[in-house]
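Report on the following structure.
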Amino acid sequence: MATASKQTGELTKNAMTNDTAAKDVPAINSVNGSVRVEIFDQVYNLRGSDADYILKLAEYVDGKMRAVSQQTATVDSVRLAVLAALNIADEYHLLKRRLETPSPETRQRASKLASALDEVLEDTRRTG
């Protein structure tokens, strides 16, 4: 079972190989809420609350797998999927670290704003 962020809810996977419907990828089935996507030449029916978001995720994963396949000699799709997942996890953690660690400019601005706020509060205490 494939999973994604809370925005998509739970995604379920049904692989369809050598299906003529694969030529119509992507397709959205409004009856059951599934989206047919193709990732590295495999067709999957995925379900979630936001079909457009699912399509973007599938396109991103497909791109990562294709990039990995061009850089390595392996043809094993499971290995490619693991390497692509590691690349995506690396991107995620680098971005997370960047968001968690404020830049020097942000720290300096926060310090100035805190000092200005302290001055205003001190003036208010004196006058009021």
Among the residues of the stretch 104-118, are any exposed (fewer than 10 other Cβ atoms within 10 Å of the Cβ), farther than 30 Å from Ala58 by Cβ and either in contact with a strand residue (DSSP E or B) (Cβ under 6 Å, 6 or more places away or on another chain) or of a type in the set (Asp, Glu) (or both)? yes
Between Asn45, Asn87, which is surrounded by 14 or more Cβ atoms within 10 Å (Cβ to Cβ) and either closer than 24 Å to Ser34 by Cα or in contact with a Gly (Cβ under 7 Å, 6 or more places away or on another chain) (or both)? Asn45
Scan the stretch 11-51 residue by residue and report those that are in a helix (DSSP H, G or I) and either at pLDDT below 80 or closer than 25 Å to Val75 by Cα (or both). Thr20, Ala21, Ala22, Lys23, Asp24
Which ones in the stretch 28-77 are over 20 Å from Ala89 (Cβ atoms), free of Cβ contacts under 8 Å to residues at least 24 places away in the same chain and of a type in the set (S, T, N, Q)? Asn29, Ser30, Asn32, Ser34
Take Leu80 and decide whether it is assigned to a helix (DSSP H, G or I) and under 22 Å from Leu57 (Cα atoms). yes
Find the residue count for the stretch 53-101, including only residues that are in contact with a strand residue (DSSP E or B) (Cβ under 9 Å, 6 or more places away or on another chain) and either modelled with pLDDT of 95 or more or of a type in the set (A, V, I, L, M) (or both). 9
Check whether at least one residue in the stretch 77-95 is in contact with a Pro (Cβ under 8 Å, 6 or more places away or on another chain) and among the basic types (Lys, Arg), and report yes or no. no
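The values are calculated or read from the model by the stated rules, or taken from the named source; none is laboratory data. These numbers were taken from a predicted model, which means no experiment stands behind them. Don't worry about glycine lacking a Cβ; one is built from the backbone with ideal geometry, like all the others, and counts go over all protein chains shown.
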